[in-house]
Each structure stands twice: as C-alpha cells, then as structure tokens.
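Values quoted throughout were computed directly from the atomic coordinates according to the rules given, and no laboratory measurement underlies them. Given the structure is predicted, the values throughout are model-derived calculations rather than measurements. In this analysis, Cβ positions are derived from the backbone assuming ideal geometry, glycine residues included, and neighbour counts consider all displayed protein chains.
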Amino acid sequence: MTIIGVTGGIGAGKSTVSAILKEMGAEVIDADYLARMVTQPEKPAWQEIVDYFGQEILLPDRTLDRRKLAGIVFNSEEKRKKLEEIIHGRVIQEMKKRIDDLRTAGYDGIVALDVPIPVKEGFLDIVDVVWVVVCPDEERIRRVMARSGIDRRDAENRIRSQLPQEEYKRLADVVIENQGDLASLKRKVISLLQNAKA
C-alpha cells in the first residue's frame, strides 16, 4: 500500500487532485468528509463544539450552522485553534481506522489522504509521500468566492487564516502547480501516479 498525503490551502485544488486519484482507482480518505461525520448532532465532537461556542451556532435541525461557525473562527485565531483541536483528534482516529481496515483487507493499491491542514501526528507521520497543491492567490480568492458565495474580504480572511503556501511547500515531496485547466492538472496527476507506482 502506498499512502499519498494530498494537501494545500483553500481554493488551491487539493480536492480536485483527490478526485482525479479516485477516478484512477485510488482509495481516497477525505478529512473534510470525516470532519462533517464526527460533528453530526449528538456525536462527542458536536457536543464539545456546542459547549464551547454556544447554542447559537446550531440550525433548527440541531446540525452545526457551518457558515456562522466559519464566520466566527476565520476572525479569531484562538477560536479557530480550539475548533481544530476538537475536530482533529477524532478525524485522525477515524483516518487511521480506515487505513487499518484497508490493510487488514489486504489492499495494496494507492491510498490518498485529502487533508487541509498537514498536521504532524496522523498525517505527516503516516504518509509515504506528501503532494502539495498550490495556485496563485488571486485564482484561489476567485475560486473561494465562487464556491462559498462570499465576498472578497471573507475569501481573503479564509486564505489568510491558513498556513501560507510557502509553508505548505516546505512540507512537500511534490509540489503540483494548479493554474491551468483541468486537463493539464489531470496529466500532471497521471504522470505523478505512474512514478509513485514505479
């Protein structure tokens, strides 16, 4: 089994890279999906978030109001760190469990961990290679505005609240520049995957 860690800042295109890997037969473990899973109503992470941020971050159906929560944490370093701390441990647990399950089942292909924040424990220490997806900031701002339906200032705040791309690059075994179209990104990923399998 080869574990590829795919990471990069918001709007850079890491999820697109993971989707291409999935198309090519890789098992993708998506940290954002797991984060949504562990924060479902009445789950321990959900309870901790409600205890810390208060009932006002809940929608009428008791699910988290993600937009409201994002607005709070992207404007406060301390609250963002707290939210990450609550969610990360549980996401990492779930990720490791899924890798163990694949191993037990005798899977020997490619596993891609799609992770927005390249933490040491539970990511850097379990992947074989780190792929970092980067893209010019202006392009990232446009993508985040379009995807999340937010204004430029909010998009810039979200990008600024994460590691700078230079920091991501320092952790990379492979840097994928994603400023062309989807076809050229696909060609890059196919070529990298062939090298990973070689």
Can you sort Ser191, Ser148 by how many other beta carbons sit within 10 Å, fewest first? Ser191, Ser148
For Glu166, put the label point 7 Å out on the Cα→Cβ axis and report which residues of segment 116-153 keep their amide N under 17 Å from it. 134-138
How high is the relative contact order of segment 1-92, in percent, counting Cα pairs under 8 Å that sit 6 or more residues apart? 23
In segment 1-95, which trypsin sites (Lys or Arg not before Pro) fall in coil by DSSP and have 16 or fewer other Cβ atoms within 10 Å? Arg62
May I ask for log10 I(q)/I(0) of the chain at q = 0.10, 0.14, 0.16, 0.17 Å⁻¹, from a Debye sum over the Cα atoms as equal point scatterers with solvent left out? -0.44, -0.86, -1.11, -1.22
For Ser148, put the label point 7 Å out on the Cα→Cβ axis and report which residues of segment 69-89 keep their amide N under 12 Å from it. 69-76
Among the DSSP beta bridges whose two residues both lie in the chain, what percent are antiparallel, rounded to the nearest 5? 5
Could you tell me the relative contact order of segment 2-186? Use alpha-carbon pairs under 8 Å, at least six residues apart, and round to a whole percent. 40
Can you sort Asp128, Asp108 by how many other beta carbons sit within 10 Å, fewest first? Asp108, Asp128
Table column - 3J(HN,Hα) (Hz), segment 168-180, Karplus curve with 6.51, -1.76, 1.60, x for Gly and Pro: 4, 4, 4, 8, 7, 8, 9, 10, 9, 7, 10, 10, x
